[in-house]
Amino acid sequence: CGRRLLHSSLGQLREWPIFVMGGPNVGKTVFLAQAIRRVSEILSRHPDASVRLDSEQQQREHAEQLRLLDSGQRLAKTAEVMTAYGLAVRVPKGLRALVYLFDKQGEYFEKMHDFGKMQGIQGLHGILLLVDPFSLPALDEYATRLSAQLQPSKATFHTVASNLILAVEQMLPDSQNQQCGVPLAVVLSKADALPVNTHPFLTGLIEPDHA
């Protein structure tokens, strides 16, 4: 049709979809922007490796996001329409794939009615479940005092995790005897704001340069 593809490596690299989920205000947009930057930095150290956003439009948007973050400004909330960031990864004798990072509005994960509409979970290569530590009971009092600055997610971890489990059970034909083979990573967001001085048990959750 003559139209340019959104992702130029479609058809050249195998697709590697990863779903990023978490409640409202959990920090998915910031996490994705920083994760793309960090993954690109790490994999680019490999000789002859190539890692880049596979869309000129997304490259421009990502550069603007990093500019805002580096200047201490906030990013806009995730749009209502799900975004798929395409990261073209070419590592000699390693991963060669178009890694899709799917970002959906946090409100989508609060209700099972909406969450249950997610299809094709078995086609995913991974799930990243972001957790706002300031929505957890152990930090509830601290988060309440600093709610204006922290803006903790109103969706509890239990709600989002329960909806995820129910959605998986619905999609697997024999959920009682069949395990979901999709890898799951649980990630704490907003780690740089963890009150390690008043809550020493949090110290082991962050890297030394964040202490």
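Taking amide H as placed 1.01 Å from N in the peptide plane, the amide H of Gly126 sits under 5 Å from that of Phe19, each at least 5 places away or on another chain. For the stretch 53-70, putting each phi into the Karplus relation 6.51 cos²θ - 1.76 cosθ + 1.60 with θ = phi - 60° gives couplings of 5, 8, 8, 4, 4, 5, 4, 5, 5, 5, 4, 5, 4, 5, 4, 5, 5, 5 Hz, in residue order, rounded to whole numbers and with x for Gly and Pro. With all protein chains in place and a 1.4 Å probe, the accessible surface of the stretch 12-55 carries 53 percent carbon and sulfur. Backbone phi angles across the stretch 186-198, fed through the Karplus curve with coefficients 6.51, -1.76 and 1.60 (θ = phi - 60°), yield HN-Hα couplings of 9, 10, 7, 8, 6, 5, 5, 9, 4, x, 5, 5, 9 Hz in residue order; Gly and Pro are listed as x.
Site pair Asp140 and Thr156 shows an inter-label distance of 0.7 nm when each label is modelled 7 Å from Cα along Cα→Cβ. Rounded to the nearest 20, the Cβ-based charge dipole of the stretch 23-72 about its Cα centre (Lys and Arg +1, Asp and Glu -1) stands at 160 debye.
Estimated from the Cβ-Cβ distance and a Förster radius of 30 angstrom, the FRET efficiency linking Leu184 and Ser50 is about 0.60. The heavy atoms of Val186 present about 90 square angstrom of accessible area, all protein chains included, probe 1.4 Å. Excluding ligands, DNA and RNA, the accessible surface per residue across the stretch 32-85 is 65 Å² with a 1.4 Å probe.
Each of the peptides 144-154, 14-24, 85-95 was scored by the mean count of other Cβ atoms within 10 Å over its residues; in descending order, highest first, they stand as 14-24, 85-95, 144-154.
Multiplying the residue separation of Leu75 and Phe201 by 0.36 nm and removing their Cα-Cα distance gives an extension gain of 42.4 nm.
The values are calculated or read from the model by the stated rules, or taken from the named source; none is laboratory data. Just so you know, these numbers come straight off a predicted model, no measurement behind them. A quick note on method: Cβ atoms are made from the backbone with ideal geometry, for glycine too, and the neighbour counts reach across all protein chains shown. SASA here: full protein model, heavy atoms, side chains in, ligands and nucleic acids out. Shrake-Rupley method; radii C 1.70, N 1.55, O 1.52, S 1.80 Å.
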